[in-house]
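Visitor: Dropping the structure in here first, questions after.
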Amino acid sequence: MVLPGLRCMLGLLLLAQVSVANAVMTIEIIGAGEHQIPVAIVPFGGDAKLAQTINAVVVGDLQRSGLFRLIDPAGKLPHELADVSYPDWQVRGADALAIGNVSVQDNGRIDARFRLLDVVKQVELTGQSVSANGDEIRAVGHRISDMIYEKLTGDKGVFSTRIAYVKRSGEKYSLIVADSDGYNEQVVLEQNEPIMSPAWSPDGSHLVYVSFETGHAVVYVQSLFTNQRMVLADFRGSNSAPSWSPDGKQLAIVLTRDGSSEIYLVRPDGSGIRRLTFINAIATEPSFSPDGQTLLFTSNEGGSPQIYSMPVAGGPEQRMTFGDGNNYSPRYSPDGKGFVYTHLINGKFFIATQDFQTGQVETLTSGGWEKKPSFAPNGKLILFASEARGRGILATVSSDGRVQQHMFTDNGDAREPVWGPHQ
Amino acid sequence: MKKLVISIVLLNLLAACASEKPKEAAAPAPVAATAPVAAPAPATVVAVDPLNDPSSILSKRSVYFPLDVSAVQADDKPIVLAHAKYLSEHQNRKVRVEGNCDERGSKEYNLALGQRRAESVKKMLVLGGAKASQIETVSYGEEKPLCKEHNESCWKQNRRSDIKYQ
Amino acid sequence: MLKQRALLLLALSFAIPARAGLLEDNGARKQIQQLETRVLKLEDEVSQRTKSMLDLQSQIDALNTEIRNLRGLNEETTHGLQDAEKRQKDFYVDLDTRMRHFESAEQAAKEAASAVAVKAPVSTDPSDPVPEDRAFEAAYGMYKSGSYVNAVKAYQDFIKMYSGSTRVPDANYWLGKSQFGMKEYKQALVTYQKLLKDFPEAPKAADAMYGISDCLKGLKKPIAARKMLRQLVAKYPASEAAAKAKKLLAATK
């Protein structure tokens, strides 16, 4: 892990040209993980301003995950391995220690080198160098956070991934792509008609979404590199709820061209449309299983909105949710062992998960206007839309329900968030 | 002989109705008095388009639904049928039926539900005599609420299909 | 609809003047009236038909809703049934497992009784609860079948092997009973006393005191035995052993 993928860099560059809103994110963290790893992050040596930003990003990332307890370096500021005295850190109660340097190269690129040390065993866990363009200092921080997270928890970090969501400010709707912490907002589309249901292509290169700009719901696919877009589906009635298959070769969408809301499969160029469901009621919000074989979706064929499952190859649907209340918006977990969805009961929306094997249902949030959950690519966090202080906000909850965070954008209502793939 | 004359006058008068001009054709009041068959005619022969008459049922353009229901309710049937009649009599007119929902449910589910609400109004308009080609349906789901608060008095205004003349 | 009628009459107005000269006044008028009647009838039929179609449509809507609700109910019921079946299977497996424990214990006891020297089946893994239960039940089987010597050995092994087990107090009690069965009153007394000392809260504590009283009787110390019974009544008044003790005290006054 030294250089980011060329394509990713290109994407970031092009996106940056589209528009960069200098939005201020306010983040509130609620709760804490069961076993927090005590870790000390020493502000890097070298360029002080860059070092400060990296430190803020890394500390923020690790804190938000709920899995770490940040230990104050309290005056000890080693930058090289030779300067580290392990007992200093054992006394402070740190299990791990991150040190490093950051500098600007002659060509304007940022070069950050860092080491992660195991204080208990007194060994180096990893030593890496991260290089990036001058304006990608936060990305450098996220990459360092990912490496720390992965080394200390064994799971892949998701701090370098991106999220997409829709923001409404007055009568203006914007489709936005941002870093996983909500910073670095980039406007993909802005208009005065509603935008809904953004979804990522599996390689993170495209967004597919629903726009009302022509007066009714039409599905568009837009490249995040070239910003070019095309109509994926524009039939009479509503065209909506797009979801990309894991192999990228097809999308599931919902059309009403034959009367009722049914799920169809379509190729990414809009060709080869094939009807999949014959519910004769409402079938919507399809979500592909990670192996691409099964779809989960929302349907009212049993009288109330519930989650159903069916083979992509066709076949009978099977109801997955039972009991009181309505259920919507299913999304598979990345390991395919369960799904997350919105549960509505007694006028309150909750984020809940269900395990396929045991049928065990877990409600992860305390309830309110909590909608549209999606998993982070490592399955450890769930992003969803919530409401606080009368505004639509983005929120995350750890998949065990222990840690929640609220992300406030500086203006407008945030809604319809969806977590992007690993880059 | 007089009777025959009256009949022919009546015939020509009615024939005139068929040619394009004429709603403002002279009121056939004296004829109606003697002609046994002309009773319904005067009602339609009015100068004002009933669509613009605030006292007409046609001034009502919204149909309301209970939660998670898309069938037109009995109370609102006369409104839809009045528009159906008007459309059948004015085949050059077109309408757009817009389905809306309250915010309970997912946005996508509500988009689908709004579509059903629009479709069920369309179905009734067609049964009432309108041509399917006169009607376009669209759903805004919960995206364009009239009222934005989290309460039932607001929600019931948002569970609605609007008949909009183009 | 109006337009249809107007067209009809328009056609009529052309047709009739052409033939008017040939017709009597009354004939023409009659025809027109007939046509009017037919038009009215048609209109009436159309409106009847529309009405019945609307009725049919609302019936279809109602039926569709009903079908969906029934489908939902069916889904819920099927799910409930599958759930119940699974639970029933789990219960059965659980019951079967427990029954098998019992049966194997009984088997072991029988074998133990017939054998000259039998070792209680001992597990090599003290953390495994199944062999622990099996060892206890085997020892109990020996006691029940009167094989006291083997039972004593088996309970002693059990206490040694599963020293951390929650069944150690019970094992001690039955060890005492087995020793008593061998008429080893002194040993039994020591065992019971140890039980009372180590596990004063044990459910079998009252029974152990009763057992001590029995031992004392066996050791020809009737006064001490009665004293023990009185202590038992005072200390565990609600126990079954106390009730037995009271009866005995009353009978041997």
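The values are calculated or read from the model by the stated rules, or taken from the named source; none is laboratory data. This one's a predicted model, so the numbers in the text were calculated from it and none came from an experiment. Using ideal geometry, Cβ is built from the backbone for each residue, glycine included, and neighbour counts are taken over all protein chains shown. SASA here: full protein model, heavy atoms, side chains in, ligands and nucleic acids out. Shrake-Rupley method; radii C 1.70, N 1.55, O 1.52, S 1.80 Å.
Visitor: Rounded to the nearest 20 Debye, what is the dipole magnitude of the range A:31-153 about its Cα centre when Lys and Arg each give +1 and Asp and Glu each give -1 at the C-beta?
Guide: Details: 12 positive and 16 negative charges, 30 e Å.
Value, rounded to 20: 140 debye.
Visitor: Chains B and C: how much accessible area gets covered up at their contact, both sides added, probe 1.4 Å, in Å² to the nearest hundred?
Guide: In total, this chain pair buries about 1900 Å².
Visitor: How high is the FRET efficiency from A:R267 to B:D49, r the C-beta distance, R0 56 Å, rounded to 0.05?
Guide: Here the calculated transfer efficiency is 0.70.
Visitor: Can you give me the accessible area per residue for the protein assembly as shown, using a 1.4 Å probe, in Å²? Could you put the intermediate results ahead of the total?
Guide: Details: 40770 Å² over 842 residues.
Here the per-residue accessible area is 48 Å².
Visitor: All other residues with a Cβ under 10 Å from the Cβ of B:I79 taken together, and with Lys, Arg as +1 and Asp, Glu as -1, what is their net charge? Each step should come with its number before you reach the end.
Guide: Values: positive: B:K60, B:R61, B:K77; negative: B:D75, B:D76.
Spelling it out: positives minus negatives among the neighbours equals +1.
Visitor: In addition: Let me check I've understood the local charge: for B:R159, count other residues with C-beta under 11 angstrom from its C-beta, Lys and Arg +1, Asp and Glu -1. What total comes out?
Guide: Around B:R159, the surrounding residues sum to -1.
Visitor: Normalising by the residue count of the range C:145-243, find the relative contact order in percent from Cα pairs under 8 Å and 6+ residues apart.
Guide: On the way: 113 pairs, mean separation 19.9, N = 99.
Worked out over the range C:145-243, it gives 20 percent.
Visitor: Further question: Per-residue HN-Hα couplings for the range A:382-393, Karplus 6.51 cos²θ - 1.76 cosθ + 1.60 at θ = phi - 60°, whole Hz, x for Gly and Pro?
Guide: Per-residue couplings from phi come out as 10, 9, 8, 8, 9, 9, 8, 6, x, 10, x, 10 Hz.
Visitor: On a 0 to 90 degree scale, rounded to 10, what angle separates helix A:6-18 from the longest Cα axis of chain A?
Guide: 70 degrees
Visitor: Measure nothing but the geometry: give the 0 to 90° angle between the long axis through the Cα atoms of A:137-153 and the longest principal axis through the Cα atoms of chain A, rounded to 10°.
Guide: Relative to chain A, helix A:137-153 is tipped by roughly 90 degrees.
Visitor: What's the local net charge at A:T256, with K and R +1, D and E -1, over the other residues with C-beta under 9 Å away? Walk me through the numbers before you get to the answer.
Guide: Values: positive: A:R236, A:R257, B:R116; negative: A:D258, A:E262, B:E119.
Summing Lys and Arg as +1 and Asp and Glu as -1 gives 0.
Visitor: Looking only at other chains, what is the average number of their beta-carbon atoms within 10 angstrom of each beta-carbon in A:318-324?
Guide: Working: counts 2, 7, 1, 2, 7, 2, 0.
That average works out to 3.
Visitor: In terms of modelled amide H atoms, which long-range or inter-chain residues lie less than 5 Å from the amide H of A:G379?
Guide: none
Visitor: A:V119's amide H: which non-local residues (gap 5+, or another chain) put their own amide H closer than 5 Å, with H modeled 1.01 Å from N in plane and none for Pro or chain starts?
Guide: A:A96, A:L97
Visitor: Given springs between every Cα pair under 10 Å in a Gaussian network model of chain A, which of A:G302, A:G368, A:G270 has the largest fluctuation?
Guide: A:G302
Visitor: If you count, for every residue in A:252-258, the Cβ atoms of partner chains within 10 Å of its Cβ, what is the mean? Could you put the intermediate results ahead of the total?
Guide: Working: counts 0, 0, 4, 0, 8, 0, 0.
That average works out to 2.
Visitor: Count neighbours as other Cβ atoms within 10 Å of each site's Cβ, and list the GluC sites (Glu not before Pro) in the range A:177-235 that are DSSP loop with at most 10 such neighbours.
Guide: On the way: sites: A:E185, A:E190, A:E213; in loops: A:E185, A:E213.
Those that pass, being in a loop and sparsely packed, number zero.
Visitor: Tell me which of C:V152, B:P145, A:I393 sits at the most positive position along the dipole axis of the protein assembly as shown, charges placed on C-beta atoms (Lys, Arg +1; Asp, Glu -1).
Guide: So the residue we want is C:V152.
Visitor: So, one more: For the range B:50-165, just run the numbers: alpha carbon Rg, then divide by 2.2 N^0.38 Å, N being how many residues it has. Kindly include the intermediate steps, with their values, before the conclusion.
Guide: Numbers: Rg = 13.7 Å, N = 116, 2.2 N^0.38 = 13.4 Å.
For the range B:50-165, the normalised Cα radius of gyration comes out at 1.03.
Visitor: Now a separate question. Can you give the Rg and Dmax of the range A:287-379 based on its C-alpha atoms, in angstrom?
Guide: Rg and Dmax of the range A:287-379, Cα atoms, are 12.6, 37 Å.
Visitor: Evaluated at 10 °C with a viscosity of 1.306 mPa s, what Stokes-Einstein diffusion coefficient in µm²/s does the range C:105-251 have when Rh comes from the Kirkwood expression over alpha-carbon pairs? Numbers along the way, then the final one.
Guide: Values: Rh = 15.7 Å.
D = 101 µm²/s.
Visitor: Can you compute the FRET efficiency between C:Q231 and C:K144 using 1/(1 + (r/R0)^6), with r the Cβ-Cβ distance and R0 = 51 Å? Round to the nearest 0.05.
Guide: Between C:Q231 and C:K144 the formula returns 0.95.
Visitor: Which Cα, out of A:L189, A:V254, A:V340, lies furthest along the positive dipole direction of the protein assembly as shown (beta carbon charges, K/R +1, D/E -1)?
Guide: A:V340
Visitor: Right, here's the next one. Of all the accessible heavy-atom surface of the protein assembly as shown, with the other protein chains kept in place and a 1.4 Å probe, what percent is carbon and sulfur? Let's see the in-between values first.
Guide: Numbers: 22270 of 40770 Å².
Exposed carbon and sulfur together represent 55 percent of the surface.
Visitor: Right, something else. Past 20 Å, Cα to Cα: identify those pairs from B:K77/B:K123; A:K49/A:K156; A:K372/B:K144; A:K151/A:K372; C:K197/C:K244; C:K144/C:K246, in the order given.
Guide: Numbers: B:K77/B:K123 12 Å; A:K49/A:K156 28 Å; A:K372/B:K144 18 Å; A:K151/A:K372 31 Å; C:K197/C:K244 22 Å; C:K144/C:K246 26 Å.
In this structure, A:K49/A:K156; A:K151/A:K372; C:K197/C:K244; C:K144/C:K246 lie more than 20 Å apart at Cα.
Visitor: Taking the Cα centre of the protein assembly as shown as origin and charging only Cβ (+1 Lys, Arg; -1 Asp, Glu), how large is the dipole, in debye to the nearest 20?
Guide: On the way: 100 positive and 96 negative charges, 598 e Å.
Charge dipole, the protein assembly as shown, about its Cα centre: 2880 debye, nearest 20.
Visitor: Give me the summed buried accessible area for the A-B pair, 1.4 Å probe, to the nearest 100 Å².
Guide: Details: alone 17720 and 10280 Å², together 25560 Å².
Using a 1.4 Å probe, the pair buries roughly 2400 Å².
Visitor: Further question: Can you order the peptides A:313-322, B:53-62 by their average number of other Cβ atoms within 10 Å per residue, highest first? Intermediate results must be reported in sequence, preceding the final value.
Guide: On the way: A:313-322: 15.6, B:53-62: 12.9.
Ranking, from highest mean packing down: A:313-322, B:53-62.
Visitor: Which loop-located trypsin sites (Lys or Arg not before Pro) does the range A:367-409 contain, where loop means any DSSP state but H, G, I, E or B and the Cβ has at most 10 other Cβ atoms within 10 Å? If you can, show how the numbers build up before the last one.
Guide: Values: sites: A:K371, A:K380, A:R389, A:R391, A:R402; in loops: A:K380, A:R389, A:R402.
In loop regions of the range A:367-409 (DSSP not H, G, I, E or B), the sparsely surrounded trypsin sites (Lys or Arg not before Pro) are A:R389.
Visitor: Taking 1 over the mean of 1/r across every pair of different Cα atoms in the protein assembly as shown, what Kirkwood radius in Å do you get?
Guide: Working: mean 1/r = 0.0290 Å⁻¹.
It works out to 34.5 Å.
Visitor: Mind checking A:295-305 for the average number of partner chain beta-carbons within 10 Å of each residue's beta-carbon?
Guide: Details: counts 0, 0, 1, 5, 3, 9, 5, 9, 12, 4, 7.
Per-residue shielding by partner chains comes out at 5.
Visitor: Still on this model: Under 5 Å between amide hydrogens, which residues at least 5 positions from A:A217 or on another chain qualify, with H placed 1.01 Å from N in the peptide plane?
Guide: Under 5 Å from the amide H of A:A217: A:N239, B:S139.
Visitor: Given the Cα atoms of the range A:162-419, and with Rh set as the inverse mean 1/r over their pairs in the Kirkwood sense, what is Rg to Rh to two decimals?
Guide: Values: Rg = 17.0 Å, Rh = 18.3 Å.
Result for the range A:162-419 is an Rg/Rh of 0.93.
Visitor: On to the next question. With a Förster radius of 25 Å, plug the Cβ-Cβ distance of A:K348 and B:Q157 into 1/(1 + (r/R0)^6) and report the FRET value to the nearest 0.05. All intermediate terms of the calculation are to be shown ahead of the outcome.
Guide: Values: r = 22 Å, r/R0 = 0.86.
With R0 = 25 Å, the Cβ-Cβ based efficiency is 0.70.
Visitor: For the ranges A:121-127, B:92-98, C:172-178, B:120-126, what's the packing order if you count other beta-carbon atoms within 10 Å of each residue, average per peptide, and put the highest first?
Guide: Values: A:121-127: 12.7, B:92-98: 17.7, C:172-178: 25.4, B:120-126: 23.7.
Result, highest mean first: C:172-178, B:120-126, B:92-98, A:121-127.
Visitor: Further question: Through the Karplus equation 6.51 cos²θ - 1.76 cosθ + 1.60, θ set to phi - 60°, convert the phi angles of the range C:146-156 into ³J(HN,Hα) values in whole Hz; use x for Gly and Pro.
Guide: Ordered by residue, 3J(HN,Hα) equals x, 7, 5, 4, 5, 4, 4, 4, 4, 5, 4 Hz.
Visitor: While we're on this one: Taking chain A as the reference, fit the longest principal axis to its C-alpha atoms, fit the long axis of helix A:48-65 to the helix C-alpha atoms, and give the angle between the two in degrees, 0 to 90, nearest 10.
Guide: Between helix and principal axis, roughly 50 degrees.
Visitor: Just name one of A:I273, B:A82, A:V231: the one whose Cα is farthest towards the positive end of the charge dipole of the protein assembly as shown (beta-carbon charges, Lys/Arg +1, Asp/Glu -1).
Guide: Farthest towards the positive end: B:A82.
Visitor: So, with +1 on the Cβ of K and R and -1 on the Cβ of D and E, and no other charges, what is the size of the charge dipole of chain A about its Cα centre, to the nearest 20 debye?
Guide: That gives chain A a dipole magnitude of about 340 debye.
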